[in-house]
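What follows is a single structure, written as structure tokens, with notes after it.
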Amino acid sequence: MANGSGVVHGYPHLDTVRAAITALYRRLTPEGLYAYDVSVAPADVSFADDDDLHLGAQRVAHALVRQLRLPDARMIVGFRGMTHAASVELAAGPEYFVELNDRFRTHRRDIGAALAHEITHVLLHRLGLGFPGTRDNEILTDTVTTYLGAGWLLLDAYREDGVTSQKLGYLTPEEFGYVLAKRALAFGEDPSPWFTSPRAYTAYTDGRDVALHDGRQPPLTAAGWAGRHRYAKDRRQAREHPGAATGLPYAFEGGGPDGLRVSFPCPTCHQRIRVPVRGRVRARCGLCRTVLECDT
Ligand SMILES: [Zn+2]
Ligand SMILES: [Zn+2]
């Protein structure tokens, strides 16, 4: 896990984040994901500066192992001087050695965040789920940590004032907010009360706006007037010049005797859904099974 310096904002990794959510649904299935419907509680991962360093780290690691459904895994947490914030040795288990940067000895409240990311590496290793390339694999790790209910800690470790800034993980604060909001929408959870960092809360509300926007894209009936208007224009264009439009969230295919079809990403899991263009259609996502009201 990298140390935060020069905090990047916005959504530069959004495509990979969305691909990570799809990959997680494929690997765990919706039933498997229900096991993660409650996030780790703040009380179980809180770490005061007068808590014993090693006992406290073991306690928090144990809470995160439980949260991530790794019943037989045992984390052995150590501290040493290193350039990274933390690392984990991905061995056969059941024991895993997690190393945290020495600075956490005096920044104990962020130990939970660092451990959440490293223990998710263990989970992904066991699931055999990975993305090629370090950058994408780290984005997958942060996305999965967050979607499975332990990543609000990583966002809450983001603090910035005029002089100093701190951030853990590879996603921007807003991207953490986005994944957290996707999770909140899928599981009916409200993470707002857990934030201790005001900057993190702002990033959450920013990301939540983008997550809500996913659910208001045409051909979903929740799309706004402007979106519907553009959609109608693109549909007319697709009928007249098939295969012309690109760069849109939806794509028209076919035509001829079988009729036109439209494909678009599921707002929950981002798997592409295909429906015939024939007015009001109710579609069920084949991956996450969300029922979607569409006006095609
Ligand atoms: Zn990592
Ligand atoms: Zn879906």
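For n ≥ 4 DSSP H runs only, could you compute -39500 (n - 2.57) per run for the chain, divide by its residues and tell me the 222 nm figure to the nearest 500?
-13500 deg cm²/dmol
Taking all protein chains together and a probe of 1.4 Å, list Phe97, Phe252 from the most accessible to the least accessible.
Phe97, Phe252
Just checking the chain: which Cys have no other cysteine's beta-carbon under 4.7 Å?
Cys294, each lacking another Cys Cβ under 4.7 Å.
Roughly to the nearest percent, how much of the accessible area of segment 225-295 is carbon and sulfur, given a 1.4 Å probe?
So the carbon and sulfur contribution to the accessible surface is 48 percent.
Give the accessible surface of the chain per residue, rounded to a whole number of Å², with probe radius 1.4 Å and ligands, DNA and RNA excluded.
Each residue of the chain exposes 46 Å² on average to a 1.4 Å probe.
By how many degrees, between 0 and 90 and to the nearest 10, does the Cα long axis of helix 173-187 differ from the longest principal axis of the chain?
70 degrees
Cα axis of helix 111-127 to longest principal axis of the chain: angle in degrees, 0 to 90, nearest 10?
For helix 111-127, the angle is close to 60 degrees.
Using 1/(1 + (r/R0)^6) with R0 = 30 angstrom and r between the beta carbons of Arg282 and Arg69, what's the FRET efficiency to the nearest 0.05?
0.35
Note the full-extension length gain between Ala48 and Asp295 as 0.36 nm times their separation in residues minus their Cα-Cα distance, in nm to one decimal.
Here the segment from Ala48 to Asp295 would lengthen by 83.7 nm.
For the chain, restrict the atom set to alpha-carbon positions and state the Rg and Dmax in Å.
Calculated on Cα positions, Rg and Dmax stand at 21.1, 73 Å.
Which whole-Hz ³J(HN,Hα) couplings does segment 225-242 yield from phi under the Karplus relation 6.51 cos²θ - 1.76 cosθ + 1.60, θ = phi - 60°, glycine and proline marked x?
Result, rounded to whole Hz: 4, 4, x, 5, 4, 5, 4, 4, 5, 5, 5, 4, 4, 5, 6, 7, 10, x.
Considering only Gly162, Gly93, Gly133, give the residue with the highest GNM mean-square fluctuation for the chain, with springs between Cα atoms whenever their separation is below 10 Å.
So, out of Gly162, Gly93, Gly133, the one fluctuating most is Gly162.
Quick one: dipole size for the chain, taken about the Cα centre, charges +1 on Lys/Arg Cβ and -1 on Asp/Glu Cβ, in debye to the nearest 20.
So the magnitude is around 1440 debye.
The values are calculated or read from the model by the stated rules, or taken from the named source; none is laboratory data. Worth saying up front: this structure is predicted, and the values here are computed from it rather than measured. All Cβ positions, even for glycine, are placed from backbone atoms using ideal geometry, and neighbour counts span all protein chains on display. Heads up: the accessible areas ignore ligands, DNA and RNA and are worked out on the full protein's heavy atoms, side chains in. Shrake-Rupley method; radii C 1.70, N 1.55, O 1.52, S 1.80 Å.
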